[in-house]
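Colleague: Pasting in a structure now, in structure tokens, and then I'll have a few things to ask.
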Amino acid sequence: MTPRDADLVIVGAGIVGSCIAAATARAGFDTCVVEQQRIGASGATGASGGIVRTYHDDPALADRAALAMNALGSSPEFTRTGFLSLHPPEAVERAVAEVQRLRSRYATELELLTPERLSGRFPMLNTSGLGVGVFEPNAGFVDPTALSRRFAREAREHGARLLEGVSVSAMRVDTSGALELECSLGTLRPRTLIVAAGAASSALLAWLDEPLALRSKGICARHLIAETEHALPCGFEDLTTGMYGRPLGGRRFLIGRPTTDWDLPPNASPPLRADPLFEYALRMRLPRCAAAVSEGGRYAVDGYTPDGLGIVRSSARVGNLFIATGFSGSGVKLAPAAAERVLNWVRAR
Ligand SMILES: Cc1cc2nc3c(=O)[nH]c(=O)nc-3n(C[C@H](O)[C@H](O)[C@H](O)COP(=O)(O)OP(=O)(O)OC[C@H]3O[C@@H](n4cnc5c(N)ncnc54)[C@H](O)[C@@H]3O)c2cc1C
């Protein structure tokens with residue numbers, strides 16, 4: 001069988017496309033993955049921090065992330081660090097309610113910490129302006145490239161074909177309603193098509209003429225070296241400044257803050273810029289890390305949707321086309337839930 005005959009073609013093998021491929025191939029669907037570069041090594045996945053945790057102050061995101069903690073929390077690519085979410089005083093009530101919901105629904109281990117307890121437990125933190133901290137001891141991070149490659153290996157072991165270095169240049173529906181993909185190998189005619197091409201999905205799907213609430217945005221994580229070991233002992237997000245980070249091992253750690261770099265081309269990689277708000281947030285919240293030395297960083301573009309949960313649905317216009325994109329800086333956590341949804345859709349057809 002040649003790739004032209006493949007029943008189900010997935011375009012894009014970042015974390016989402018690879019996770020979907022493992023799910024569909026394991027379930028016995030004749031799967032072919034088309035990736036223009038190397039599996040898991042480019043796009044947002046290739047630059048990702050890979051943090052996986054259940055607790056979020058958004059219950060819809062937490063419900064999807066809980067599935068990822070179950071699926072990935074004991075995988076060989078996972079490192080447990082714990083994760084601390086820092087909330088302002090006005091968000092305490094909401095945080096407490098969400099902690100109770102996650103404890104009872106998923107038995108997630110979560111600790112609620114007052115600013116006094118936070119100072120005792122995490123002496124590197126300046127707790128001024130904080131209302132409460134939520135600590136999830138079993139959270140951590142995965143290596144997104146290694147995980148994507150493991151998913152791709154599993155897909156191949158179940159008969160999937162992996163086409164690396166093959167770019168899809170056009171898609172269309174012919175006069176009989178059959179899907180056609182133009183790529184460097186020629187024309188593919190899959191019975192089912194899954195587009196999981198990250199921020200490149202909008203351009204690939206422009207022919208569909210179907211509104212997609214999808215914009216591209218840059219994400220930047222800086223890598224720093226602190227003066228002392230374990231200056232940042234766990235993953236964290238500071239909801240008062242938007243800053244997040246995780247340890248990288250020894251004295252090294254990564255820290256990011258949301259950018260305002262909207263509507264960039266998918267492969268954009270601008271040089272790291274000075275960011276006074278980032279410098280302020282770091283000095284204010286983690287004063288012991290303020291003198292850390294920069295080791296550069298990672299920058300990549302992801303697709304964003306208004307709800308931050310991604311577009312995970314079939315096309316309204318073409319019945320055998322499914323779209324899985326727009327994971328809004330959370331695609332590693334959202335990949336297992338997206339793959340489950342795709343598999344349910346493929347099975348139901
Ligand atoms: C710096 C940074 C830190 C992050 N930290 C976290 C985190 O801690 N936790 C978390 O959950 N998420 C995090 N994210 C977000 C997460 O990494 C992304 O949401 C996720 O990787 C998106 O995966 P994807 O498979 O949808 O897209 P991508 O990883 O972008 O993959 C799309 C793939 O499609 C391929 N492709 C595109 N066009 C074509 C074409 N025409 N033909 C063939 N192939 C094509 C690309 O080469 C690429 O490999 C972070 C992202 C960045 C950049």
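Coordinate-derived values only; no laboratory data. Only a predicted model underlies this, so the values are computations on that prediction, with no experimental measurement involved. Neighbour counts are summed over all protein chains in view; Cβ atoms, including those assigned to glycine, are modelled from backbone coordinates with ideal geometry.
Colleague: Of a type in the set (A, V, I, L, M, F, W, C), within 11 Å of the ligand (Cβ to nearest atom), assigned to a strand (DSSP E or B) and in contact with a helix residue (DSSP H, G or I) (Cβ under 8 Å, 6 or more places away or on another chain): which single residue out of A335, A324 fits that description?
Modeller: Step by step, each of A335, A324 is checked, and only A324 is of a type in the set (A, V, I, L, M, F, W, C), within 11 Å of the ligand (Cβ to nearest atom), assigned to a strand (DSSP E or B) and in contact with a helix residue (DSSP H, G or I) (Cβ under 8 Å, 6 or more places away or on another chain).
Colleague: Mind checking which residues of segment 123-143 are part of a loop (DSSP other than H, G, I, E, B) and either in contact with a helix residue (DSSP H, G or I) (Cβ under 9 Å, 6 or more places away or on another chain) or surrounded by 19 or more Cβ atoms within 10 Å (Cβ to Cβ) (or both)?
Modeller: Once the filter is applied, which keeps residues that are part of a loop (DSSP other than H, G, I, E, B) and either in contact with a helix residue (DSSP H, G or I) (Cβ under 9 Å, 6 or more places away or on another chain) or surrounded by 19 or more Cβ atoms within 10 Å (Cβ to Cβ) (or both), segment 123-143 yields P123, M124, L125, N126, T127, S128, G129, L130, G131, N138, A139.
Colleague: Check A146, A160, A197 and return the single one that is under 15 Å from the mean Cα position of the chain (by Cα) and crowded, with 18+ Cβ neighbours inside 10 Å.
Modeller: A197 is the lone residue from the list that is under 15 Å from the mean Cα position of the chain (by Cα) and crowded, with 18+ Cβ neighbours inside 10 Å.
Colleague: With (1) surrounded by fewer than 18 Cβ atoms within 10 Å (Cβ to Cβ); (2) not in a loop (DSSP other than H, G, I, E, B) as the list, and F236 as the residue in question, which single condition is left unmet?
Modeller: It fails just one condition, (1).
Colleague: Further, regarding this structure: Which pairs have Cβ atoms under 7 Å, sit 6 or more apart or on different chains, and link a residue in segment 292-307 that is exposed (fewer than 13 other Cβ atoms within 10 Å of the Cβ) to one that is assigned to a strand (DSSP E or B) and basic (K, R)?
Modeller: Pairs that qualify, where the first residue is exposed (fewer than 13 other Cβ atoms within 10 Å of the Cβ) and the partner is assigned to a strand (DSSP E or B) and basic (K, R), are S294/R222.
Colleague: Out of all the residues in segment 207-214, is one or more crowded, with 20+ Cβ neighbours inside 10 Å and touching a helix residue (DSSP H, G or I) at 6+ places or on another chain (Cβ under 8 Å)?
Modeller: no
Colleague: Name the single residue that is farthest from the chain's Cα centre (by Cα) among those in segment 239-269 being surrounded by 18 or more Cβ atoms within 10 Å (Cβ to Cβ) and among the aromatic types (F, W, Y).
Modeller: F253
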